[in-house]
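Trainee: There's a structure below that I have some questions on.
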Amino acid sequence: MVLPGVYAPQEDTALLAGALSDESLPPGAAVLDVGTGSGALALAAAARGALVTAVDMSWRAVWGARLNAARSGLRVRVRHGNLFTPVHGETFDLVLANPPYVPAPLGGRRPRGAARAWDAGHDGRMVLDRICREAPALLRPGGVLLLVHSALSDPGLTVGCLREAGLKAAVIRRRRIAFGPVVRGRERWLRQRGLLAPADNEEELVVVRAELPV
């Protein structure tokens, strides 16, 4: 169930879910799902016996994720807050992140309402850079970060930042998809900025995997 105004699971969710299915996840593993939305990824991890915490800054998303967990008969701790703030001081075996990542012609304004789920500043990295800075401290030795975003927001920079933080990082999955309504609505602006080439008629999504060495 997806409440009005909450980001519904889409191709990026499915791509990240595929990466999650490839991870070794023993029962009792501590998993964090930030930007949980409807809770789809949190529930997928909980179904494998993980101890899952889900976080979202939208109260509607929090209520929806709690409802979906209850309906599924799965235990998920759902917290309201901005990214990692609600789990300050905790560490995890796996962190999942599907943050806002679409470049937006907002100037100095911050996104509001439902747009907070996809608009991510002029370069698409308003939240990605914070994840790169803060996520390494949340990982236990051998812990893994799985992060999905668009090629429009520079996966190479994401990988480089995570490596500088001492993690082993690489792009492990890619998928090209048709432009969704958000990208279509700003396609001309993206082409003017050179983020889309004249011949591009699809968007590429990537999953970055980063692991903290033991």
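Trainee: Which one of these does R48 not meet: (1) more than 20 Å from I172 (Cβ to Cβ); (2) outside any strand (DSSP E or B)?
Mentor: The number of the failed condition is (1).
Trainee: Related question: Name the single residue that is farthest from the chain's Cα centre (by Cα) among those in segment 172-212 being over 24 Å from A8 (Cα atoms) and surrounded by 15 or more Cβ atoms within 10 Å (Cβ to Cβ).
Mentor: Ranking the qualifying residues of segment 172-212, first place goes to D200.
Trainee: For segment 117-214, please list each of the strands (runs of 3 or more DSSP E) lying entirely inside it that holds at least 2 residues being at negative phi and among the basic types (K, R). Quick ask: steps written out before the conclusion?
Mentor: Values: elements: 139-150, 168-178, 202-211.
Once the strands (runs of 3 or more DSSP E) in segment 117-214 are filtered for at least 2 residues that are at negative phi and among the basic types (K, R), what remains is 168-178.
Trainee: A follow-up question, please. Before we move on, is R71 in a helix (DSSP H, G or I) and either within 26 Å of A170 (Cβ to Cβ) or without any contact (Cβ under 8 Å) to a residue 40 or more places away in the chain (or both)?
Mentor: No.
Trainee: Inside segment 81-102, can you point out the residues that are in a strand (DSSP E or B), under 21 Å from L20 (Cα atoms) and not acidic (D, E)?
Mentor: F92, L94, V95, L96, A97
Trainee: Inspect all residues belonging to segment 29-37 and state whether any of them is β-branched (V, I, T) and either touching a residue at least 60 places away in the same chain (Cβ under 8 Å) or part of a strand (DSSP E or B) (or both).
Mentor: Checking segment 29-37: at least one residue is β-branched (V, I, T) and either touching a residue at least 60 places away in the same chain (Cβ under 8 Å) or part of a strand (DSSP E or B) (or both).
Trainee: Scan segment 84-106 for residues that are modelled with pLDDT of 95 or more and of a type in the set (A, V, I, L, M, F, W, C) and jot them down.
Mentor: F84, V87, F92, L94, V95, L96, A97, listed by residue number.
Trainee: Has segment 3-23 got any residue that is of a type outside the set (D, E, K, R), closer than 23 Å to V208 by Cβ and over 15 Å from the mean Cα position of the chain (by Cα)?
Mentor: Within segment 3-23 (the criterion being of a type outside the set (D, E, K, R), closer than 23 Å to V208 by Cβ and over 15 Å from the mean Cα position of the chain (by Cα)), the answer is yes, since at least one residue qualifies.
Trainee: I need a count of the residues in segment 14-28 that are buried (at least 18 other Cβ atoms within 10 Å of the Cβ) and part of a helix (DSSP H, G or I).
Mentor: Final tally of qualifying residues: 5.
The values are calculated or read from the model by the stated rules, or taken from the named source; none is laboratory data. Just so it is clear, the structure is predicted and the values come from calculations on it, not from any experiment. We place every Cβ from the backbone using ideal geometry, glycine too, and count neighbours over all the protein chains shown.
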